[in-house]
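To start, the structure under review is shown below, and the notes come after it.
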Amino acid sequence: MPRSSPRRLDVRDRELIGGVERLQVTLHDADPTWRDVFEEHRRRLRQALADRAVLIEHIGSTSVAGLAAKPIVDIVVAVADIAAEEDYLPALVAAGYVLRVREPGHRLVRTPERDVHVHVYAAGDAAVEAYLLFRDRLRADAADRSLYESTKRALLDRAWDDMNAYADAKTAVIRGILERARAQRDSEAGEDGP
């Protein structure tokens, strides 16, 4: 019986490569080419990672038809072991992505133009499930989609020292949408029971 390799320890601190970057938040009307950009990068990621990528999905506002968004295509990639950077990070860098964030359980690489962000997690990480659940809720629920867009528009008037500060300002609304999505999922799962 083959023995599984021991799980490696991940980084303990957050490292922001390149320091804080001032952010000018702009929302663009939904753009059907965002899906094309995702498909191009899915192919690029699949080629770079081969069988090391367990999952590659379009997430964030650009993945939701009809939703205004920052013109940044977000992608989530799941790998077997996030701590084993040698298994995926050199391949991502060779494919033209730049490491921006290294933190426990998560790496962020992006294009030099900063128009595509790739979030890398371990397969089975709860963050991956949350990204997909949130995306699917916004795709299916017009009221939550409208709430999320209006929240983003309200935040446009503020100056942001960093992308993370802007993201943090949306946290309460995102949590509420996720709570409704989980409640609906759990309710539907109960209906399928015995």
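We did not get these values from a lab; they are worked out from the coordinates using the rules stated. Since the structure is predicted, the reported quantities are computational estimates derived from the model, not experimental observations. Neighbour counts are summed over all protein chains in view; Cβ atoms, including those assigned to glycine, are modelled from backbone coordinates with ideal geometry.
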Discussion item. No solvent, one uniform scatterer per C-alpha: report log10 I(q)/I(0) for the stretch 23-72 via the Debye equation at q = 0.27, 0.30 1/Å, two decimals.
Written reply: -0.97, -1.08
Response to the item:
For Ile17, the net charge from surrounding residues (Cβ-Cβ under 9 Å; K, R +1; D, E -1) works out to +1
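Based on the alpha-carbon gyration tensor of the chain, what equivalent-ellipsoid semi-axes (square roots of 5 times the eigenvalues) come out, in whole Å, largest first?
On the way: eigenvalues 147, 107, 55 Å².
The equivalent ellipsoid of the chain has semi-axes of 27, 23, 17 Å.
Roughly what % of DSSP beta bridges within the chain run antiparallel, to the nearest 5? Please list the in-between numbers first.
Numbers: 19 of 26 bridges.
For the chain, the DSSP antiparallel bridge percentage is about 75.
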Worksheet entry | the chain, helix-only ellipticity at 222 nm - DSSP H runs n ≥ 4, -39,500 (n - 2.57), divided by all residues, nearest 500 | -13000 deg cm²/dmol
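Which net charge results when you count Lys and Arg as +1 and Asp and Glu as -1 among the other residues whose beta-carbon is under 15 Å from that of Pro32? Intermediate values should be presented prior to the final figure.
On the way: positive: Arg35, Arg139; negative: Asp29, Asp31, Asp36, Glu39, Glu40.
Summing Lys and Arg as +1 and Asp and Glu as -1 gives -3.
Residue separation times 0.36 nm, minus the C-alpha to C-alpha distance between Leu55 and Ala172: what's the value?
Working: separation 117, 0.36 × 117 = 42.12 nm, distance 2.74 nm.
Residue separation times 0.36 nm, minus the Cα-Cα distance, leaves 39.4 nm.
Mean Kyte-Doolittle of at least 0.0 and a Cα length of 15 Å or more along the axis: which whole DSSP H helices of the chain meet both?
On the way: long enough: 33-49 (24 Å, -1.46); 126-140 (21 Å, 0.25); 142-155 (20 Å, -0.75); 171-191 (30 Å, -0.65).
Helices passing the filter in the chain: 126-140.
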